[in-house]
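What follows is a set of notes on a single structure, which appears directly below.
The values are calculated or read from the model by the stated rules, or taken from the named source; none is laboratory data. Bear in mind that the values here come from a model prediction, so they are computed numbers and not experimental data. Heads up, the Cβs are rebuilt from the backbone with ideal geometry, glycines too, and the neighbour counts pull from every protein chain shown. We work out accessible area using only protein heavy atoms, side chains counted, and drop any ligands, DNA or RNA first. Shrake-Rupley method; radii C 1.70, N 1.55, O 1.52, S 1.80 Å.
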Amino acid sequence: MRVCVIGTGYVGLVTGVCLAHIGHHVICVDNNEEKVKLMKSGQSPIYEPGLSELMHSSTESGKLEFTSDVAAGVEHGEILFIAVGTPALPTGESDTRYVEAVARGIGENLRGGYKVIVNKSTVPIGSGDWVRMIVLDGLAKRQEANSSAEFDVVSNPEFLREGSAVYDTFNPDRIVLGSNSDKAIAMMQQLYAPLVERKFAENMTLPPVPVVVTDLNSAEMIKYAANAFLATKISFINEVANVCDRVGADVTQVARGIGLDSRIGNKFLQAGIGWGGSCFPKDVLALIHTANDYGYETELLNAAVQVNQRQRLIAVEKLQKELKILKGKTIGLLGLTFKPDTDDMRDAPALIIIEQLNRLGAKVKAYDPIVSQSGLSHGLSGVIIETNPEMLADNCDALVLVTDWQQFLTLDYGKMAKVMLNPVIIDGRNFLDRSKLEQAGFNYVGIGR
């Protein structure tokens, strides 16, 4: 099928590349000329395991193209994905100006024939009808507007995890399609047939991927409800961890014990320093804001947000307990990104920790496998970026594990402990092997342990 993806941020680029890999002819559109030039050269503007290789092979096969020409993309695509950012405004509501601009641009460039316009961006509930209205406005602006231009709008939320987005695309738990048009749903099912039939899955013997066909508003709510639930589950186990710290229980054992209950499950029960990134904070706040618009206060979600904000300070509190006064002390952060296998620093807990340590007069150093090697480090203030773990540990009074990168399990902690002024480590993700760290000479402090 012919596909156009407008917006090559995290979701748009992964979607476009993977659809090209499964056999569709995809044109990705972005208004950033430098970014388009970079992608045309075969380089990915984001770090995501496996993405660059797929970009290269799909471009070589002619299935994947990049352009800044919206008109060319709209003309090419039977299915047009809107995949631009919807960042949170200070009020908590989503900033939909980019979605509006793309929808209007699509309308201004429709030239007849039937198109399916897909909301892939995470948009406020009710945006499907709003996008339809904006497209029609764009159509009306053209004096030569072609009355034969037909389209339907579909909500197709993404459920990609940064760091495993390519895997998630080929091995989805479910595909959600929201529309009141049978024709549009049929085209989307044709588009996703290779994924539904698991032709590119890790385990091709599994049953077909469940496809949830529903109305526009329900599809949009599914996305928000899923992220709000997961964020709440993390806040819950962090709340339990804080009680464990006070009563002498070990939250890792508690999480294992409750996670074996099939009604609860063991995922998202890793206590630590809270959730961040581009999705959970934005989506939870957007759902809270939408509920408020309709006269409902989401007390449970409000509490989940408050617990998460407080949890980011736990590492600093534990440092104060171990070192007492932090003024004049040197603290090293292991990891900066909000999760491993990504270069994403959006709303990362590390940012709050750095801010608080600076406020308390500590010197802050950091090492991250991706950030230390990239230009992103220049955007961080109040922190010295080191290029290897040994340099990070040198003359530190304590280390804090912020991001649970796999390579942090195999560092030479014995060597690191010897160059520290005070070998203390706060394991902000309950990720490291306590006995191994203690044998290396560290005073190990976990969360809720």
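Sorted largest first by accessible area at a 1.4 angstrom probe radius, with every protein chain in place, the residues Met221, Met55 fall in the order Met221, Met55. Of Ala303, Leu326, Ser372, which is farthest along the charge dipole of region 287-386 in the positive direction, counting Lys and Arg as +1 and Asp and Glu as -1 at C-beta? Result: Leu326. Applying both filters, DSSP loop and at most 16 other Cβ atoms within 10 Å, to the trypsin sites (Lys or Arg not before Pro) of region 1-65 eliminates every site.
Relative to its Kirkwood radius, the Cα radius of gyration of region 208-334 gives an Rg/Rh of 1.06. When you filter the GluC sites (Glu not before Pro) in region 160-267 for DSSP loop state and at most 16 other Cβ atoms inside 10 Å of their Cβ, you are left with Glu197, Glu202.
Relative contact order for the chain using alpha-carbon pairs under 8 Å, separation at least 6, rounded to a whole percent? Rounded, it is 11 percent for the chain. Rolling a 1.4 Å probe over the protein chains gives Tyr47 an accessible area of about 90 Å². Shape class for region 1-153: oblate, because the ratio a/c of the largest to smallest gyration tensor axis (alpha-carbon atoms, square roots of eigenvalues) is 1.5 or more and b/c is at least a/b. Between region 170-233 and region 1-79, what is the separation of their alpha carbon centroids in Å? About 21 Å separates the Cα centre of region 170-233 from the one of region 1-79. Each Lys and Arg adds +1 at its Cβ and each Asp and Glu adds -1 at its Cβ; summed about the Cα centre, region 238-335 shows a dipole of about 560 debye. Note on Lys436 and Ser41: their simple-model spin labels are 3.8 nm apart, each label 7 Å out from Cα toward Cβ. Highest mobility in the GNM of the chain, judged by mean-square fluctuation with C-alpha springs under 10 Å and restricted to Ser218, Ser262, Ser127, is found for Ser262. Between Asp95 and Ser61, the simple spin-label model (points 7 angstrom out along Cα→Cβ) gives 3.7 nm. The angle between the Cα long axis of helix 127-141 and the longest principal axis of the Cα atoms of the chain comes to about 50 degrees, rounded to the nearest 10. Sort region 283-356 into rounded, prolate or oblate with this rule: let a ≥ b ≥ c be the square roots of the eigenvalues of the Cα gyration tensor; rounded if a/c is under 1.5, and if a/c is not under 1.5, prolate when a/b is larger than b/c, oblate otherwise. It is oblate, given that a/c is not under 1.5 and a/b is not larger than b/c. Note that the chain presents 44 Å² accessible area per residue, ligands and nucleic acids not counted, probe 1.4 Å. Looking at region 260-323, which GluC sites (Glu not before Pro) are in a loop (DSSP not H, G, I, E or B) and have at most 15 other Cβ atoms within 10 Å? Passing both the DSSP loop test and the Cβ count: Glu297.
Extents of region 87-155, taken as max minus min of Cα coordinates on every principal axis and listed largest first, are 40, 22, 14 Å. A 1.4 Å probe over all protein chains sorts Glu150, Glu48 by accessible area into Glu150, Glu48, starting with the largest. Just so you know, the averaged projected area of the alpha carbon convex hull for region 64-107 sits at 3.7 nm².
Considering only Ala71, Ser58, Pro87, and ranking their Cα positions along the charge dipole of region 56-97 that arises from unit charges at the beta-carbon of Lys, Arg, Asp and Glu, the one farthest toward the positive end is Pro87. Accessible surface of Arg312, taken over heavy atoms with a 1.4 Å probe and every protein chain present, rounds to 20 Å².
Relative to the longest principal Cα axis of the chain, at what angle does helix 51-60 sit, 0 to 90 degrees, rounded to 10? Once rounded, one gets 30 degrees. Compute the Cα gyration tensor for the chain, then decide on rounded, prolate or oblate, letting a ≥ b ≥ c be the square roots of its eigenvalues: rounded whenever a/c is under 1.5, prolate when a/b is larger than b/c in the other cases, and oblate in all that remain. Verdict is prolate for the chain. Rolling a 1.4 Å probe over the protein heavy atoms leaves Phe268 with an accessible area of roughly 80 Å².
So if the hydrodynamic radius of region 296-401 is defined as the Kirkwood radius over C-alpha pairs, what does Stokes-Einstein give as its diffusion coefficient at 37 °C and 0.692 mPa s, in µm² per second? Roughly 226 µm²/s, to the nearest whole number. Overall, the accessible surface of the chain at a probe of 1.4 angstrom is composed of carbon and sulfur to the extent of 52 percent. Where both bridge residues fall in the chain, DSSP classifies roughly 5% of the beta bridges as antiparallel. The magnitude of the dipole of region 305-449, with charges of +1 and -1 set on the Cβ of Lys/Arg and Asp/Glu and taken from the Cα centre, is near 580 debye. When only C-alpha pairs under 8 Å and at least 6 residues apart count, what is the relative contact order of region 375-425, in percent? Here the relative contact order equals 45 percent.
Shown are Leu334, Leu411, whose ranking by accessible area with a 1.4 Å probe and every protein chain present, most to least, is Leu411, Leu334. When shorter helices are ignored and each DSSP H run of at least 4 residues is given -39500 (n - 2.57), the per-residue value for the chain at 222 nm works out to -13000 deg cm²/dmol. Using only side-chain charges placed at the Cβ, +1 for Lys and Arg and -1 for Asp and Glu, the dipole size of the chain relative to its Cα centre rounds to 940 debye. I'd like the orientation of helix 349-359 relative to the chain: the angle between its Cα long axis and the longest Cα principal axis, in ° from 0 to 90, rounded to 10. The angle comes out near 50 degrees.
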